[in-house]
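*Asks:* Let me begin by handing over the structure; questions about it come next.
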Amino acid sequence: LLVATALIALVSSAAGRSAVVAASAMVVIAREIAISALREWMALRGRAETVKVGFVGKVKTTAQMIALTILLAVEHGTRAWRVGECGLAGAAALTVYSACGYFAAALRRTS
């Protein structure tokens, strides 16, 4: 929820002129909703351990926090801002990768 709030704030601010930030925010928020629903569904089936947080998820979260800290702390358009954008884009890529891993694990356990 904290990450989603920060992403929405960035996109809705003047700094929201960044397509990279907007696209990354959509990917990250959509993934969080999907994985939360998947975890709930797997828990109801008694298979919560299938979608427990993995190493890639922890790296993703760390990358998100670092990128968001940079983007919230520096002025739009600076070199540091671009570093934050790249970090957030990388975190979005990790987001997709980790989501695929969670869904694949759930599919194996439900087939």
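The values are calculated or read from the model by the stated rules, or taken from the named source; none is laboratory data. Every value quoted in this text rests on a predicted model; they were computed, and no experiment measured them. Keep in mind that these areas ignore ligands, DNA and RNA; they rest on the heavy atoms of the full protein, side chains included. Shrake-Rupley method; radii C 1.70, N 1.55, O 1.52, S 1.80 Å.
*Asks:* Comparing LEU71, LEU38, LEU88, which has the greatest mean-square fluctuation in the GNM of the chain with Cα pairs linked when under 10 Å apart?
*Replies:* LEU38
*Asks:* Which of GLY101, GLY84, GLY54 ends up with the largest GNM mean-square fluctuation for the chain, with Cα atoms connected below 10 Å?
*Replies:* Of the options given, GLY54 has the highest mean-square fluctuation.
*Asks:* Could I ask something else about it? Determine the per residue accessible area of the range 38-111 with all protein chains present and a 1.4 angstrom probe, expressed in square angstrom.
*Replies:* With all protein chains present, the range 38-111 gives 61 Å² per residue.
*Asks:* Rounding to the nearest 10 and keeping the result within 0 to 90°, find how far the Cα-based axis of helix 55-73 lies from the longest principal axis of the chain.
*Replies:* 20 degrees
*Asks:* Now a separate question. What is the helix-to-structure angle for 79-110, meaning the angle in degrees between its Cα long axis and the longest Cα principal axis of the chain, kept from 0 to 90 and rounded to the nearest 10?
*Replies:* So the helix axis and the longest Cα principal axis differ by about 10 degrees.
*Asks:* Determine the gain in length on full extension of the stretch MET65-MET26; use 0.36 nm per residue of separation and subtract their C-alpha separation, reporting nm with one decimal.
*Replies:* My answer for the length gained is 12.4 nm.
*Asks:* Right, something else. What are the radius of gyration and Dmax of the chain, computed over its Cα atoms and given in Å?
*Replies:* When restricted to the Cα atoms of the chain, Rg and Dmax are 15.3, 49 Å.
*Asks:* If you don't mind, there's one more thing I want to ask. Just the number, please: carbon plus sulfur as a percent of the accessible area of the chain, 1.4 Å probe, no ligands or DNA/RNA counted.
*Replies:* After summing per-atom areas, the C and S share lands at 69 percent.
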